[in-house]
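One structure below.
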Amino acid sequence: MCSLSKDLPLVIAHRGAAGEAPENTLAAFQLALEQGCDAFELDVHLSKDGQIVVIHDYSVDRTTTGQGAVSELTVEEMKQYDAGAWFHPSYAGERIPTLEEVIAMTPEHIHINVEIKGGIGQGIEEKLVELLRRLNRTASIFVSSFHWNCLRTLNQIEPSLRVGLLYDLSLKDYALLPKAAGVNAYSLHPHFGKLEAEAVKAAVAQGVAVFPWTINGEADMARMIDMGVSGIITDYPGKLRQLLEQQ
Ligand code: G3P
Ligand code: CA
């Protein structure tokens, strides 16, 4: 298990190694593993037939050969679409994975940051908890969302599940945020451009992890490492791993 007590930040592969493989596909997660990530970040929605699927957008149009809203398509329908060819012909044949499929290919020591995008208040919270309990993987998952009401719901239905506040605001005192939001938060997920070192240190000192997104340049990665963040969400986990090995 990776731990916050490590001095170096966790390498969190954004949508898999999304800079070098089609985002949110098994190929992108496999590449991230090969590049030495500690965790995946991925996005989830609820399909028409009530399964948790891994895709960023509310529609399949941008990242597959299909068209339509994720919430209006069954998994069987989505599986007919190619989710890799848009990125590069060598990835043709990739499919939209279910969350269960991603968990199945993920070693237990690799954590998964599940970002809930769709299905909020429509049962995704309960289905996620049900899935993690069935797979016995509650401990290796942490959930984030811009929609803090779903984090409050998760706090209620499974208090042991770690949740994180995702936001794009300029906040001076990060340590105060969980209380203000009414969320029992394990982590904060701010946009990296608005981070300040003192605030990061204060949050981490109080036991709140700070996972900024999405940092792809080496200079910015180095700045985040210096600030003492708990993990760095990046499209290039291999590049970040190399940089950390030089520390
Ligand atoms: O979880 C951090 C980041 O992924 C949030 O933005 O649009 O890439 O899901 P987005
Ligand atoms: Ca995301």
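The values are calculated or read from the model by the stated rules, or taken from the named source; none is laboratory data. Remember, predicted model here, so these are calculated numbers, not experimental data. Counting neighbours? That spans all protein chains shown, and the Cβs are built from the backbone with ideal geometry, glycine included.
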>> Checking the structure you have, find out if any residue of segment 183-199 is surrounded by 14 or more Cβ atoms within 10 Å (Cβ to Cβ), touching a strand residue (DSSP E or B) at 6+ places or on another chain (Cβ under 6 Å) and part of a helix (DSSP H, G or I).
In response: no
> From Val208, Val163, which residue is in contact with a Ser or Thr (Cβ under 9 Å, 6 or more places away or on another chain), away from ligand 2 (no atom under 16 Å from the Cβ) and of a type in the set (A, V, I, L, M)?
Replying inline: Val208
>> Anything in segment 189-247 that is at pLDDT below 95, touching a helix residue (DSSP H, G or I) at 6+ places or on another chain (Cβ under 9 Å) and basic (Lys, Arg)? List them, or say none.
In response: Lys201
>> Return the residues of segment 124-148 that are within 15 Å of Asn184 (Cα to Cα) and either in contact with a helix residue (DSSP H, G or I) (Cβ under 7 Å, 6 or more places away or on another chain) or without any contact (Cβ under 8 Å) to a residue 12 or more places away in the chain (or both); say none if nothing qualifies.
In response: Val143, Ser145, Trp148
> Taking Ala180, is it more than 18 Å from the chain's Cα centre (by Cα), away from ligand 2 (no atom under 16 Å from the Cβ) and part of a helix (DSSP H, G or I)?
Replying inline: yes
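Scan segment 59-84 for residues that are farther than 29 Å from Asn136 by Cα and surrounded by 17 or more Cβ atoms within 10 Å (Cβ to Cβ) and jot them down. Break it down stepwise before answering.
Taking segment 59-84 first, the residues farther than 29 Å from Asn136 by Cα are 59-69, 72, 80-82, 84.
Passing the criteria: Ser59, Val60, Thr63, Thr64, Gly66, Tyr81, Asp82, Gly84.
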>> Under 8 Å between Cβ atoms, which residue pairs at least 6 apart in sequence (or on different chains) link something in segment 32-48 that is part of a strand (DSSP E or B) with a partner that is modelled with pLDDT under 95 and away from ligand 2 (no atom under 15 Å from the Cβ)?
In response: Ala39/Cys2; Leu46/Gln122
> Just checking, how many residues over segment 27-58 are touching a helix residue (DSSP H, G or I) at 6+ places or on another chain (Cβ under 7 Å), farther than 19 Å from Gly123 by Cα, surrounded by 17 or more Cβ atoms within 10 Å (Cβ to Cβ) and not aromatic (Phe, Trp, Tyr)?
Replying inline: 4
